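I have placed the structure first, in the form of structure tokens, so that the comments after it can refer back to it.
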Amino acid sequence: MSGGLHALIVGVGDYPHLEGGSGEPAAGSYGMAQLTSAVPAASSVGQWLHANRSKLVKDLASCRMLSSPTLDDFRRAALEWRDDCATDPDNTALFYFSGHGLERSRSDAVLLMSDFGDMPGNPLVKATDVNNLFYGMAPTAQRPRMARTQLWFVDACRGFPKEFEDFETLSASDVFDIVRPDVDDRCAPTYFSAIPGTAAYGIPHAGTAFSAALLASLDGAAARSTADGWAVAVDGLFRALEVEVAAGPVADGQQVWMSGQLRDAVARTIARVDGVPRVRVKLGLSRASEDAGLRPAIAPLGGQPLSFPHPLRPNPHLCSWPAGAYEFGLSPSNGVAPTPELVQPPEFERVL
Amino acid sequence: MARLEFRTSSRVDVPVEVYDRSLELVGRTLSSRSLSLDAGFYFVVGRLPGGERVRASVDLEADAVESVELAAPSPSRRLPEGRARGAGKRAVSESRRSSWLGRDDAAPPLDARMTESPQRPRGVPMAELRAYRRSADGWSQTDDRRAVRRSGAIAWHGDGDAVGLWPRDGAPTFALLPRKGVRFYAIEVRRGSDGAPRLKPKLTNASADALLDYLMRGEIGEALVMSTSTALSAERLLYDKASDPVAAAAGAFALLQLGELERLHDWTDNLRRLFGWLPDGLVARAEHLAQVGEHDQALSLLLELPARGLPSLGAGLAYATERLRLYAAIHPSKRPVRRALDWIVPYSAAVDVQAKVTTFTGDAPDTPTVTPRYSGQ
């Protein structure tokens with residue numbers, strides 16, 4: 001397969017001019033402080049790519065990782081990354097950012113770099129706009145061989161600071177020069193870790209709910225069965241991210257969001273999965289079944305029955321099974337033959 | 001070859017996937033169609049518009065025609081609402097938060113964050129619907145008002161260009177519904193996670209409404225096959241006597257997001273020309289032109305938008321905003337571009353991103369307001 005995967009992974013946790021920082025305090029911190037989860041989150045994504053490069057459908061051709069970069073550092077790396085991505089339309093571009101973010105509209109996010117707040121005036125001068133990055137990566141007459149598969153992951157809050165007057169008219173700094181795009185035939189979904197106006201959560205010193213969900217998705221939560229085994233494609237990614245964020249330990253109320261272009265999303269495979277992925281299962285007994293003293297009688301097709309506590313507690317019962325076909329019934333049999341059903345990632349619910 | 005057919009009580013086509021014993025996807029279609037398959041055992045999975053998966057299995061014999069029923073879980077097979085027995089707090093919160101609380105797709109969709117109704121005096125409406133009309137002098141409220149006493153669908157035939165929901169407690173929400181097309185929208189009122197009633201308009205064309213739902217949930221494969229439904233064909237939506245341009249706009253936006261430009265043909269141009277009162281047609285055409293590199297024409301259309309009005313579909317508002325941002329960056333000295341962007345951005349900032357129809361908080365139809373807040377990361 002031609003083309004390679006070029007990744008730009010950014011984690012910004014050190015903000016010297018925000019609360020708790022080592023530098024001169026910014027004129028306004030807008031309630032933002034240091035982040036202990038952002039850099040570990042970015043590191044985990046980069047480490048996953050390296051550790052799983054054999055599973056990637058495209059060779060990992062480059063992986064740039066930035067830890068709390070200034071805007072200039074980020075701009076330098078982004079320009080180099082763009083040049084790499086523009087060498088072959090069969091390339092895949094992957095962008096991941098974890099750090100502070102602000103929002104101005106439904107599919108907009110402003111990403112704050114480490115030197116945010118280091119000078120008076122426009123507070124967004126050390127921040128950049130996701131749209132600048134997104135459209136800067138469009139195919140153009142100057143870059144006709146731009147990667148046509150692009151995966152954008154924005155792991156940041158999308159709050160609207162009450163201190164900002166006329167915030168929507170403020171301009172963030174451009175990283176890319178924006179020229180007229182050519183025919184834009186990218187598959188370029190953008191996954192946001194939070195819907196506009198809401199928060200994204202981190203696990204102190206360990207990562208974020210979204211980064212954990214992303215890795216779980218790539219490990220199999222977003223997988224589909226294909227002729228060549230299980231694989232993760234673009235079309236399954238959003239649903240898996242949703243489920244994994246909701247199932248995570250710190251994501252109370254956090255909801256992921258998606259925008260961008262989805263051309264051929266079903267066919268854009270990202271990674272293969274070793275073996276059979278596991279599925280989050282919620283199994284319940286109806287009130288009638290409980291009252292009748294029935295218990296689940298479930299077995300993988302051709303396999304041994306699964307065991308469950310009796311009575312089923314908690315009800316619903318949360319568990320994890322290998323993806324596959326299972327027969328569902330009750331014991332003692334209530335006269336109804338067990339029914340075979342498909343248990344597929346990312347989640348499965350059944351009430352008996 | 002055998003043939004597999006599907007039965008469903010859903011009032012719209014349901015995307016269906018068929019898997020063989022080795023769990024490989026062998027076919028994807030709509031419930032109104034059939035699949036020709038080799039004899040064998042198959043699993044069938046359908047995705048209802050409300051998000052539930054419905055499952056079945058079938059053993060097909062050679063040359064047979066089998067019909068599989070795709071039914072939503074009956075109430076007796078749903079998990080009981082409220083506290084799970086024997087569960088700690090975590091299981092309860094997961095139960096409430098997840099989408100697994102078996103829903104009938106024929107019933108109004110549950111807001112995933114619905115809460116109990118707050119106590120209030122009997123007979124006191126929880127909100128009021130008001131109609132607004134737009135004229136050369138700006139917006140004015142009409143005499144059309146309707147008390148809202150409970151969540152759910154509201155029969156609304158207000159004569160205006162916008163509808164506002166004024167709750168007893170909480171911020172008002174507005175939807176701009178073009179007067180000529182008000183019959184293409186259905187008004188619903190739902191409670192948000194804070195308990196406050198929210199305006200949740202949807203499309204009366206159930207297929208188009210379902211298509212937008214699939215896309216908003218990121219169910220791309222389902223959206224792709226749903227977009228091929230005959231109920232969503234250009235012939236039916238644009239040219240039939242019972243045309244539905246709002247549904248046509250929804251279909252166009254879906255095809256644009258899915259990158260199915262080859263299927264659009266002159267859909268967007270005809271939508272714009274035939275239904276000039278619908279701002280979404282203009283946006284769909286502009287986005288179509290932009291995606292094929294015709295940016296001058298796209299920009300020219302978008303500059304008409306402030307005079308024509310706000311797109312009534314959330315997808316239209318998003319496309320218009322992002323394209324105007326792009327063009328403002330490419331043409332920083334062009335004031336009309338900046339003016340158009342400055343006009344639309346406040347609406348984009350205030351819009352309910354989980355609403356298919358453009359709905360925003362504000363003080364008036366022309367005064368969107370954002371609730372400023374910042375927390376977390």
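The values are calculated or read from the model by the stated rules, or taken from the named source; none is laboratory data. Everything numeric in this text was worked out from a predicted model, so none of it was measured. Quick reminder, even Gly has a Cβ in these numbers, built from the backbone with ideal geometry, and neighbours come from all protein chains shown. SASA here: full protein model, heavy atoms, side chains in, ligands and nucleic acids out. Shrake-Rupley method; radii C 1.70, N 1.55, O 1.52, S 1.80 Å.
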Open item on the list: Which condition from (1) in contact with a Lys or Arg (Cβ under 9 Å, 6 or more places away or on another chain); (2) part of a strand (DSSP E or B) is the one that B:D143 breaks?
Closed with: (1)
Task: Options B:L211, B:L203, B:L232, B:L271: the member that is crowded, with 22+ Cβ neighbours inside 10 Å, within 14 Å of chain A (Cβ to nearest Cβ) and of a type outside the set (V, I, T) - done: B:L211
- [ ] Identify the single condition in (1) within 14 Å of chain A (Cβ to nearest Cβ); (2) out of contact with any strand residue (DSSP E or B) (no Cβ under 6 Å at 6 or more places or on another chain); (3) touching a residue at least 60 places away in the same chain (Cβ under 8 Å) that B:G192 does not satisfy, given that it satisfies every other one.
- [x] (2)
Open item on the list: Can you name every one of the strands (runs of 3 or more DSSP E) wholly within segment B:1-77 that holds 1 or more residues which are acidic (D, E) and surrounded by 21 or more Cβ atoms within 10 Å (Cβ to Cβ)?
Closed with: B:15-20
Open item on the list: Please pick out the residue among B:A286, B:A320, B:A364, B:A290 that is surrounded by 24 or more Cβ atoms within 10 Å (Cβ to Cβ), more than 12 Å from chain A (Cβ to nearest Cβ) and either under 27 Å from B:L199 (Cβ atoms) or aliphatic (A, V, I, L, M) (or both).
Closed with: B:A286
TODO: Only residues that are touching a residue at least 60 places away in the same chain (Cβ under 8 Å), assigned to a strand (DSSP E or B) and within 15 Å of A:A222 (Cα to Cα): list them for segment A:312-352, please.
DONE: A:V343, A:E347, A:F348
Open item on the list: As an exercise: evaluate A:Y135 against (1) surrounded by fewer than 17 Cβ atoms within 10 Å (Cβ to Cβ); (2) part of a helix (DSSP H, G or I); (3) within 14 Å of another protein chain (Cβ to nearest Cβ); (4) of a type outside the set (A, V, I, L, M) and give the number of the one condition it does not meet.
Closed with: (1)
Open item on the list: Just checking, does segment B:310-317 include any residue being in a helix (DSSP H, G or I), touching a Ser or Thr at 6+ places or on another chain (Cβ under 6 Å) and within 14 Å of chain A (Cβ to nearest Cβ)?
Closed with: yes
TODO: Output the residue which, of all residues in segment A:28-57 that are under 19 Å from the mean Cα position of the chain (by Cα) and assigned to a loop (DSSP other than H, G, I, E, B), is farthest from the other protein chains (Cβ to nearest Cβ).
DONE: A:R53
TODO: Scan segment A:1-27 residue by residue and report those that are open to solvent by less than 40 Å² (accessible area, probe 1.4 Å), touching a residue at least 60 places away in the same chain (Cβ under 8 Å) and part of a loop (DSSP other than H, G, I, E, B).
DONE: A:G3, A:V12, A:G13, A:Y15, A:P16, A:H17, A:L18, A:G23, A:A26
Open item on the list: Quick check on A:D177: is it more than 28 Å from A:D115 (Cβ to Cβ) and either surrounded by fewer than 22 Cβ atoms within 10 Å (Cβ to Cβ) or more than 7 Å from chain B (Cβ to nearest Cβ) (or both)?
Closed with: no
- [ ] Spot the failing condition for A:R143; the list is (1) open to solvent by 10 Å² or more (accessible area, probe 1.4 Å); (2) modelled with pLDDT under 95, and only one is missed.
- [x] (2)
Open item on the list: Residue under question is B:T228, and the condition is that it be closer than 20 Å to B:P178 by Cβ and out of contact with any Ser or Thr (no Cβ under 6 Å at 6 or more places or on another chain); does it hold?
Closed with: no
- [ ] Run A:A77 past the list (1) among the aliphatic types (A, V, I, L, M); (2) crowded, with 22+ Cβ neighbours inside 10 Å; (3) in a helix (DSSP H, G or I) and report the number of the one that doesn't hold.
- [x] (2)
- [ ] Among what's in segment B:320-361 and is charged (D, E, K, R) and in a loop (DSSP other than H, G, I, E, B), pick the residue that is farthest from B:L212 (Cα to Cα).
- [x] B:K334
TODO: Quick one: in segment A:255-264, of everything that is within 15 Å of A:A147 (Cβ to Cβ) and within 7 Å of chain B (Cβ to nearest Cβ), which residue is nearest to the chain's Cα centre (by Cα)?
DONE: A:Q261
TODO: Within segment A:290-312, track down each residue that is touching a strand residue (DSSP E or B) at 6+ places or on another chain (Cβ under 6 Å) and at the interface with another protein chain (Cβ under 10 Å from one of its Cβ atoms).
DONE: A:L301
